[in-house]
1. Residue check: is residue 115 touching a Lys or Arg at 6+ places or on another chain (Cβ under 8 Å) and assigned to a helix (DSSP H, G or I)?
2. If we keep just the residues of the range 134-160 that are assigned to a loop (DSSP other than H, G, I, E, B) and among the basic types (Lys, Arg), which is farthest from residue 530 (Cα to Cα)?
3. Mind listing whichever residues of the range 403-417 are touching a helix residue (DSSP H, G or I) at 6+ places or on another chain (Cβ under 9 Å) and either closer than 19 Å to residue 335 by Cβ or not hydroxyl-bearing (Ser, Thr, Tyr) (or both)?
4. Being part of a strand (DSSP E or B) and either touching a Gly at 6+ places or on another chain (Cβ under 9 Å) or at pLDDT below 95 (or both) is the requirement here; does residue 340 meet it?
5. Quick test of your reading of the structure: residue 139 fulfils all but one of (1) within 28 Å of residue 47 (Cα to Cα); (2) touching a helix residue (DSSP H, G or I) at 6+ places or on another chain (Cβ under 9 Å). Name the failing condition by number.
6. So, residue 619, is that one outside any loop (DSSP other than H, G, I, E, B), more than 17 Å from residue 590 (Cα to Cα) and under 23 Å from the mean Cα position of the chain (by Cα) or not?
7. Would you confirm whether or not the range 374-382 contains a residue that is assigned to a helix (DSSP H, G or I) and either modelled with pLDDT of 95 or more or within 27 Å of residue 629 (Cβ to Cβ) (or both)?
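The values are calculated or read from the model by the stated rules, or taken from the named source; none is laboratory data. Predicted model, so just to flag it, every value in this text is computed and none were measured. Cβ sites come from the backbone with ideal geometry, for glycine too, and all protein chains shown count toward neighbours.
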Amino acid sequence: MKKNQPWWVLTPIALSLSLFGCGGSDNNGPVTVTPPITVTPPVAVDNSCLTTNPGTTPVVVGSGVPGDPAAPEPASGYVLGHKLVTAKSYMVVANHPLATKAGCDVLKAGGSAADAAIAVQAVLALVEPQSSSLAGGAFMLYYDVKTNKVQAYDGRETAPAAATADYLRYIDASNQTVPKPNARGSGRSIGTPGVMRMLEMAHGDHGKLAWKDLFGEGTRLATDGFKIGGRMAAAIEGSKDALKRDAEATAYFFDAAGAPKPLGATLTNPPYAAVLKAMASQGADALYTGKIAEDIVAKIGITQAVDGSPITPGLTTLDDLKNYRPKRRDPVCTTYRAYYICSMSPPSSGGIGVLSALGILENFNLDLYKPTNVDLEGGKPTVMGVHLVTEAERLAYADRDKYVADTDFVPLPGGSANTLLNKDYMRLRADLIRTTKTMGVAPAGDFGLPPIGVDTTVEHGTTHFSIVDKEGNVVTMTTTVEGSMGSFHMSHGILLNNQLTDFNASPTDSTGALVPNRVAPGKRPRSTMAPTMVFRGSGPGDFVMATGSPGGGTIIQYVVKTVVGALDWGLDAQQATSLVDFGASNSNPPSTSVGREHPNIVKTPLGNGTDDAGANDPLVLGLKALGHNVSTSAQSSGISTIIRVKNNTGSVLTGGADPRREGIVLGDVVTP
């Protein structure tokens with residue numbers, strides 16, 4: 001058998017099939033070939049949109065039967081043993097099993113990748129409110145196979161028209177104190193939502209199924225109930241004090257005694273179901289006009305918490321919601337070795353950050369530094385492989401930190417991403433890397449713009465999914481509520497975002513110069529989200545890979561390690577996704593991250609049930625010998641990867657879900 005060749009390539013005879021529907025309800029019965037043929041391996045089974053338990057029995061996601069990946073389990077830093085999933089023609093990878101299933105159902109019914117994205121978002125915002133929201137924001141790349149075009153969609157939240165440069169810093173000009181209880185927990189952090197307007201735009205461009213038919217699974221789950229999973233339970237517990245400031249959040253997330261609802265508890269959300277029904281019949285207008293919008297604006301403007309303590313209101317109005325517009329943007333794209341890679345353009349800095357790091361790495365032979373002892377978990381990264389990648393990232397972050405903001409307000413150097421990404425400049429940046437010692441803090445290139453300061457926000461309120469439909473159209477989308485549980489304000493069963501805290505709170509830097517990422521009316525805060533696509537050749541057309549991750553400022557690192565793992569080190573979609581999370585921003589003091597949650601990072605026991613958290617792992621010690629200050633903090637990426645693999649029957653889709661989260665891969669999977 002050739003590498004990456006599925007087993008069915010070896011059995012070109014017709015087989016008896018037992019066809020299962022996405023929900024197990026449209027079983028068409030066996031289709032028998034005449035004359036019947038007995039074969040080994042066993043008869044192939046089309047497990048479209050189903051998963052299998054350890055005994056390889058088809059399992060409906062959400063059924064609660066043994067092997068159901070949606071069965072609530074405690075939050076885990078890393079789940080061992082994720083295996084590569086292979087599908088014939090369509091696939092969804094999302095960070096929650098119920099959302100993955102909702103998208104797969106749509107694809108099986110003939111929907112496009114854009115259709116499936118809507119169904120996924122409607123479920124994600126319900127079952128992982130710590131990471132996603134109907135009132136949040138998102139960035140999407142869409143590849144249209146008929147036109148060979150990659151379109152970027154910008155659903156980033158905006159600051160209200162009444163916002164000032166000091167909106168997050170002071171209550172007002174006469175009261176120059178921090179908003180209460182803090183910028184995040186106040187109404188000032190809440191941006192005008194963008195994700196549903198963005199998805200409506202993408203559906204208008206690429207939808208196949210009726211908009212009204214894409215909210216059924218989300219509505220059903222909100223009405224009938226779903227069980228709280230490990231990450232959600234941990235998020236409720238971790239945010240309990242802040243959530244209790246809001247009456248609706250208190251009623252939803254806590255029991256009658258005031259305790260956080262635990263792992264496995266069943267939640268129903270009738271107000272959320274009503275919002276989905278309203279959007280199904282009225283379009284996204286239902287969220288941006290009328291009663292729902294009025295209540296969202298009222299919640300943003302609240303001045304007092306349940307306990308009577310003050311909350312600084314936001315200044316969002318109904319006109320802000322009514323006037324919000326998503327944007328079609330050109331993605332940032334460049335070649336990398338034999339590939340053409342596209343990622344998200346500003347106001348996200350993530351795409352430029354990813355492509356800058358890769359452009360620098362293109363000047364090194366990374367094939368020499370592949371991981372060793374490659375296993376299901378991606379093997380063990382080499383010291384030099386990690387060193388080169390992290391040094392390239394330092395340089396990329398230096399430019400990203402200095403120059404990238406919302407280009408509708410602040411242009412890039414030279415007016416184009418090419419200034420930061422062209423091959424000559426990338427070679428100059430690569431020349432700054434030494435193989436014998438880390439550079440520490442990297443210098444930015446000199447293009448004349450003032451520095452904007454480094455964003456050190458730690459963010460846990462983001463998720464990512466990747467989709468390929470039957471026709472070969474592709475979505476890679478990162479969607480967010482910003483911090484875990486957003487602003488802690490809740491309206492109509494929806495947690496509102498705290499996205500405006502991605503702006504620099506101060507409009508000036510330490511020298512008094514204006515910073516590009518300052519607050520302004522209608523402006524979109526800088527992001528690090530980096531949904532990314534890879535094609536073979538010098539342009540779109542031969543699709544290879546879709547990936548992306550949540551992770552705040554570390555998203556660039558998660559995406560780069562996954563792309564390098566797949567393209568340079570030959571890892572499959574699951575191995576590249578599972579691979580040790582490592583990377584570096586351009587922090588001062590400098591730090592290099594190696595995720596200790598990974599099983600291939602050695603933790604030496606210290607007694608009393610403790611260990612050294614990987615501080616003496618050979619990789620960590622090797623990096624320290626090169627001068628790296630290594631942090632072994634656990635990482636929480638949520639990478640969702642699809643790679644198209646060619647074989648002698650054409651190609652198949654392979655998928656990997658991040659073992660650090662709860663997600664799974666589903667599609668028209670054929671298994672022996």
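1. yes
2. Taking the candidates together, the pick is 146.
3. Correct list: 404, 410, 412, 413, 414, 417.
4. So residue 340 fits the description; yes.
5. Checking residue 139 against (1) within 28 Å of residue 47 (Cα to Cα); (2) touching a helix residue (DSSP H, G or I) at 6+ places or on another chain (Cβ under 9 Å), the one that fails is (1).
6. Here the answer is no, as residue 619 does not meet what is asked.
7. For the range 374-382, residues assigned to a helix (DSSP H, G or I) and either modelled with pLDDT of 95 or more or within 27 Å of residue 629 (Cβ to Cβ) (or both): absent.
Quick grid of which residues meet (1) assigned to a loop (DSSP other than H, G, I, E, B); (2) more than 24 Å from the chain's Cα centre (by Cα):
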{"residue": "49", "(1), (2)": "yes, no"}
{"residue": "54", "(1), (2)": "yes, yes"}
{"residue": "62", "(1), (2)": "yes, no"}
{"residue": "71", "(1), (2)": "yes, no"}
{"residue": "77", "(1), (2)": "yes, no"}
{"residue": "81", "(1), (2)": "yes, no"}
{"residue": "91", "(1), (2)": "no, no"}
